[in-house]
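What follows is a single structure, and I will ask about it in a moment.
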Amino acid sequence: MCLRKAPLKNSTNPGFSKTNVEKCRSSQYLSPANFIAMNNISVIGAGTMGNGIAHVFAQYGHQVTLVDVSEQALEKALATIGANLDRMVKKESIQPADKDRTLANIHTATSIEQGVAQANLVVEAATENSALKLQIFKNLDAFAPSAAILATNTSSISITQIAAATQRPAQVIGMHFMNPVPVMKLVEVIRGFDTSDDTTRIIMELSQSLGKVPVEVNDYPGFVANRILMPMINEAIYALYEGVAGVTEIDTVMKLGMAHPMGPLQLADFIGLDVCLSILKVLQDGFGQPKYAPCPLLVNMVTAGKLGVKSNEGFYQYTPGSKELIPAKHFTR
């Protein structure tokens, strides 16, 4: 695959102001040379998070290689990015030319060796599975340039453990984007035990250049976001499991009483109940405390394939094309 040389970032790039460019270039950790060197970004995994991460980097003028073993997944990802850009054009947040420029910045590959050969930064966004991520990072370490930073979008798996699978632990870091990536401002930047100061500060500055708000945290199970969020979601599931209240009632209390934009059960569906279960298991194993034990109802739902939005059923029933929020039949008996 032939990668086009990306233009130097400037005020003509969509969403990237001249002020932000100058601010980033003035950093002692992100010098003009380093800033240009971070231009080639590889994203591993073309799922929901992967295509969102690719979208954002491409929109801000980076050359992006989106890597997935499935051609079908890559085609779907490009279609999703195109549709999201169309919505942005319709809202007049970008111009049609910005959409074309963003899509032109995205390339695809079906092998890691091919996809990371020219990378300055790799962001892994594969399934939340420890064994899979460790194997991916072994491959990234083998095929990515020695100076490349290797980041993972994991929401709970130890950065230190992932870094140990490589020969460059100082250059391995967590870069946890929130879903939907083009909309959500937060990037949780997680330092592993050996992550260097330079790597951390480069990623902090780079995140800011994408219009995000990076927050630096240390490597402990669940980091900050999911260490706090998942026990809340799990407790909401327990409240449903124990008959305290129904699906709609639990979510309404949290939305109207605690000013949450989305109730915890709807949020769990949005994240994916299988992902929630996986993160809770990481927390339970990491801390060895029963308070992180997944609710039996969550376990049963995942076993039954009721995974939330991705399977069209979780705590709510999802009909393609409909925005109506209806509790799943199992919870309306």
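The values are calculated or read from the model by the stated rules, or taken from the named source; none is laboratory data. Since this is a predicted model, take the numbers as computed values, not measurements. Here Cβ is always computed from backbone atoms with ideal geometry, including for glycine, and neighbour counts include all displayed protein chains. Each accessible area value is taken on the protein alone, full model and side chains, heavy atoms only, with ligands, DNA and RNA left out. Shrake-Rupley method; radii C 1.70, N 1.55, O 1.52, S 1.80 Å.
Given the conditions (1) within 27 Å of PHE143 (Cβ to Cβ); (2) part of a helix (DSSP H, G or I); (3) modelled with pLDDT under 90, report the number of the one that LYS76 does not fulfil.
Result: LYS76 fails condition (3) only.
Restricting attention to the range 306-333, report how many residues are under 23 Å from the mean Cα position of the chain (by Cα) and assigned to a helix (DSSP H, G or I).
Count: 3.
Follow-up. Can you tell me how many residues in the range 49-78 are of a type outside the set (S, T, N, Q), open to solvent by 10 Å² or more (accessible area, probe 1.4 Å) and farther than 23 Å from LYS185 by Cα?
Here the count works out to 6.
Looking only at the range 194-220, how many residues end up being open to solvent by less than 30 Å² (accessible area, probe 1.4 Å) and of a type outside the set (Val, Ile, Thr)?
Counting residues in the range 194-220 that are open to solvent by less than 30 Å² (accessible area, probe 1.4 Å) and of a type outside the set (Val, Ile, Thr) gives 8.
What about GLY243, is it open to solvent by less than 20 Å² (accessible area, probe 1.4 Å) and without any contact (Cβ under 8 Å) to a residue 60 or more places away in the chain?
Considered against the rule, which asks whether it is open to solvent by less than 20 Å² (accessible area, probe 1.4 Å) and without any contact (Cβ under 8 Å) to a residue 60 or more places away in the chain, GLY243 comes out as no.
Quick one: in the range 178-193, which of the residues that are touching a strand residue (DSSP E or B) at 6+ places or on another chain (Cβ under 8 Å) and surrounded by fewer than 23 Cβ atoms within 10 Å (Cβ to Cβ) is farthest from ASN84 (Cα to Cα)?
ARG191
Can you work out which of the residues in the range 264-293 that are in a helix (DSSP H, G or I) and over 21 Å from the mean Cα position of the chain (by Cα) is surrounded by the most Cβ atoms within 10 Å (Cβ to Cβ)?
Applying the filter and picking the extreme gives TYR292.
Does any residue in the range 294-307 that is within 14 Å of ALA239 (Cβ to Cβ) and open to solvent by less than 30 Å² (accessible area, probe 1.4 Å) come within less than 6 Å, Cβ to Cβ, of a residue that is modelled with pLDDT of 95 or more and part of a helix (DSSP H, G or I) six or more places away or on a different chain, and which pairs are these?
CYS295/ASN234; CYS295/ILE237; CYS295/TYR238; CYS295/TYR241; LEU297/ILE237; LEU297/TYR241; LEU298/ILE237; LEU298/LEU277
A follow-up question, please. For the range 294-305, which residues satisfy the criterion of being farther than 25 Å from GLU249 by Cβ and assigned to a loop (DSSP other than H, G, I, E, B)? Steps first, answer last, please.
Within the range 294-305, the first condition is being farther than 25 Å from GLU249 by Cβ, and the residues that meet it are 303, 305.
If the condition is that a residue be farther than 25 Å from GLU249 by Cβ and assigned to a loop (DSSP other than H, G, I, E, B), then GLY305 is the only one that fits.
Kindly establish whether PHE287 is out of contact with any Leu (no Cβ under 6 Å at 6 or more places or on another chain) and of a type in the set (Phe, Trp, Tyr).
Criteria met by PHE287.
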